[in-house]
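Worksheet: the structure to be examined is printed underneath.
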Amino acid sequence: MTESTSNNDSIETNKATDADESLQNRLQQASTVANNLLNEIKKVLIGQDAVIEQVLIALIARGHVLIEGVPGLGKTLLVRSLAKCFGGQFSRVQFTPDLMPSDVTGHAMFNMAKQEFEIRKGPAFTNLLLADEINRAPAKTQAALLEVMQEGQITIEGESFKTGEPFMVLATQNPIEQEGTYPLPEAELDRFMLKVIIDYPSESDEQFMLRQVTSQSQGGFGLEHIRTLLKPAHVLSLQKIAEQITVDEQILQYVVKLVRATRSWSGISRGAGPRACIALLSAARAYALLNNNSFVTPDDVKKMFIPALRHRILLSPELAIEGIAAERILHNILLQVEAPRH
């Protein structure tokens with residue numbers, strides 16, 4: 001009886017070991033693929049390595065990204081490069097004050113010849129949707145993205161339709177102090193996994209970019225040199241592998257402590273909600289995958305904390321008047337909330 005039990009335990013142990021080795025092999029392959037994507041996009045988007053990395057993390061974590069920066073820094077180029085890298089469908093919508101919700105999602109149109117209504121699907125039925133200058137459209141149009149960002153589907157005339165898979169919204173916005181901009185509704189901001197700030201490149205990077213662009217015989221940014229490295233189905237596999245990365249109970253508790261700290265922190269009038277916990281942990285898993293780690297570390301969480309939380313908190317009027325940035329407050333929270341040591 002004892003020998004039989006021992007044999008069963010040995011078999012179960014071998015199975016667990018094989019499963020761990022299989023996951024480790026798949027994780028290593030996924031990490032290699034993800035880093036190849038990263039390096040491919042770096043070929044055309046010069047001096048924005050951190051931005052590229054965070055957008056790729058959001059893609060792997062099934063999230064959406066809000067990119068803020070002044071015009072002309074390569075936001076559209078980034079999305080087009082990413083779409084070409086995995087052979088996905090790409091749609092771009094230029095948000096303007098007169099844009100209607102149906103211009104984004106689609107609408108029903110009566111076909112006179114067939115004497116029936118037909119569904120005309122909008123540009124949101126794609127893999128990568130670039131919502132360009134999203135804060136130049138009023139709240140009613142911005143809200144057209146709420147359902148599709150949360151559910152991956154769009155309802156037209158009472159009927160729901162699935163979007164492409166994978167599906168990701170990359171929205172760009174100008175700094176809110178610019179003329180002709182509308183603030184995004186809180187419900188929509190909360191649906192973006194990360195908010196990425198794209199800034200001017202360094203002087204050396206800008207010189208390199210100028211040299212590269214002007215040396216090309218046809219002009220442009222060399223998007224035609226971007227290779228298609230994988231298919232949309234492979235992106236779905238990356239997402240599934242990231243979801244299998246181990247999260248220790250202490251890491252989970254650390255994520256919750258960080259998010260909950262924003263709700264009682266001095267200088268923050270509105271803290272982050274529960275969706276921030278999910279976004280932060282998912283992003284940390286994707287970051288671990290990029291670094292070929294089979295488990296999430298406190299450093300992974302710290303790395304993604306500010307991008308995942310900067311758009312989910314509202315500073316008190318006093319701090320806003322003083323011009324203190326949300327990043328500064330979030331950095332203080334990282335310093336004060338103790339991280340797991342084991």
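For the stretch 263-278, taking the residues that are in a loop (DSSP other than H, G, I, E, B) and in contact with a Leu (Cβ under 7 Å, 6 or more places away or on another chain), the one that is nearest to Glu318 (Cα to Cα) is identified as Gly267. Only residues that are out of contact with any Leu (no Cβ under 9 Å at 6 or more places or on another chain), exposed (fewer than 15 other Cβ atoms within 10 Å of the Cβ) and assigned to a helix (DSSP H, G or I) were counted across the stretch 279-321, and they come to 4. Checking the stretch 27-44 against the condition returns no match, with no residue being over 29 Å from Leu73 (Cβ atoms), of a type in the set (Val, Ile, Thr) and at pLDDT below 90. For Pro183, the conditions (1) over 21 Å from Pro97 (Cα atoms); (2) assigned to a loop (DSSP other than H, G, I, E, B); (3) without any contact (Cβ under 8 Å) to a residue 60 or more places away in the chain; (4) not basic (Lys, Arg) all hold with the exception of (1). Does Asp190 satisfy the condition of being among the acidic types (Asp, Glu) and either at pLDDT below 85 or not assigned by TED's automatic domain parsing to the domain that holds Gly69 (or both)? Criteria not met by Asp190. Screening Thr141 on (1) under 18 Å from the mean Cα position of the chain (by Cα); (2) surrounded by 22 or more Cβ atoms within 10 Å (Cβ to Cβ) shows it passes everything except condition (1). Pairing each residue of the stretch 132-152 that is within 17 Å of Gly106 (Cα to Cα) and assigned by TED's automatic domain parsing to the domain that holds Glu188 with any residue that is surrounded by fewer than 16 Cβ atoms within 10 Å (Cβ to Cβ) and among the charged types (D, E, K, R), provided the two are 6+ apart or on different chains, yields C-beta distances under 8 Å for Gly152/Lys162; Gly152/Glu165.
Quickly run through the stretch 40-50 and pick out the residues that are under 11 Å from Leu82 (Cβ atoms) and in a helix (DSSP H, G or I).
Hits for the stretch 40-50 are Glu40, Ile41.
The values are calculated or read from the model by the stated rules, or taken from the named source; none is laboratory data. Computed from a predicted model, the values in this text were never measured in an experiment. Please note: Cβ atoms are built from the backbone with ideal geometry, for glycine as well, and neighbour counts cover all protein chains shown.
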